[in-house]
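The values are calculated or read from the model by the stated rules, or taken from the named source; none is laboratory data. As the structure is a prediction and not an experimental result, all values here were calculated from the model. All Cβ positions, even for glycine, are placed from backbone atoms using ideal geometry, and neighbour counts span all protein chains on display. Please note that ligands, DNA and RNA were not included when accessible areas were found on the heavy atoms of the full protein model with its side chains. Shrake-Rupley method; radii C 1.70, N 1.55, O 1.52, S 1.80 Å.
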Amino acid sequence: MTSVAIVTGASSGIGAATTRRLAAEGFHVLAAARRAERLTELVAEITAAGGQATAVTCDITSDESVARLAEAAAQAPGPVTLLVNNAGGARGLDPVESGSVADWQWMYDVNVLGTLRVTQALLPALEASGSGTIVVVSSTAGLTVYEGGGGYTAAKHAQTAIAGTLRLELCGRPLRVIEIDPGMVKTDEFGLVRFEGDEERAAAVYAGVPGPLVAEDVADCIAWCATRPEHVNIDRLVVRPRAQAAQHKVHRV
């Protein structure tokens, strides 16, 4: 029977790349995101390539929407063995003293409470499979702070705390928890969302950086971790481009 994977934030960036990769690995992927049209296009692409995927419109900031995702999982054509909590994002690059409370609230709701909602809703199905894997896509921002990143790093530190706590609480049950922490990943939308559509500011983040990560690099890491033998748990995988030695140390040409 085909194993089912669920990927949130699947309409673009790392989520879309992960959906494609897991389908290529043989999973039937439930691609979950808010933008139905993009999901339909992604599923059509995967199906044309011989893979299996289903679009599920889902807003992870809504309890009702996440409940419908769980219902879709219950109707999936196989056991749900993998959940990739990928949906998230950043808004603003302001210091703490002038940061927008609304931006901080959005980041907490999407990154932290979104992960909580989806994990709680899908945990019974993952455990019932007899070998479930929960992937939390956090960030190197969840490991260290940087100026202007207070809201985002706070949210990602909280997301990292969820992963670590879950691993302790689920010990002894047929479930594993994997945390993926990417550094600089150049995607189409992350910077644009952060800077409210300002293409120049978004591009400046990666200016001169030779070989930033791309979405497919992170998808490759997720797929590798998720397809290890079931007794192997990759607790945390930190992945940066070679040009980024640390959060504050980036080589530019």
Regarding G172, is this residue more than 21 Å from the chain's Cα centre (by Cα) and at positive phi? yes
Selection within the stretch 179-211 - without any contact (Cβ under 8 Å) to a residue 40 or more places away in the chain and farther than 20 Å from Y152 by Cα: E200, G211
Within the stretch 178-205, considering residues that are open to solvent by less than 30 Å² (accessible area, probe 1.4 Å) and touching a Ser or Thr at 6+ places or on another chain (Cβ under 8 Å), the one nearest to V250 (Cα to Cα): G183
The strands (runs of 3 or more DSSP E) lying wholly within the stretch 1-113 that contain at least 1 residues that are in contact (Cβ under 8 Å) with a residue 12 or more places away in the chain, within 22 Å of R176 (Cα to Cα) and over 16 Å from the mean Cα position of the chain (by Cα) are 4-8, 28-33, 80-85
Search the stretch 233-252 for residues being at pLDDT below 95 and outside any strand (DSSP E or B), and hand back the single one that is surrounded by the most Cβ atoms within 10 Å (Cβ to Cβ). Q247
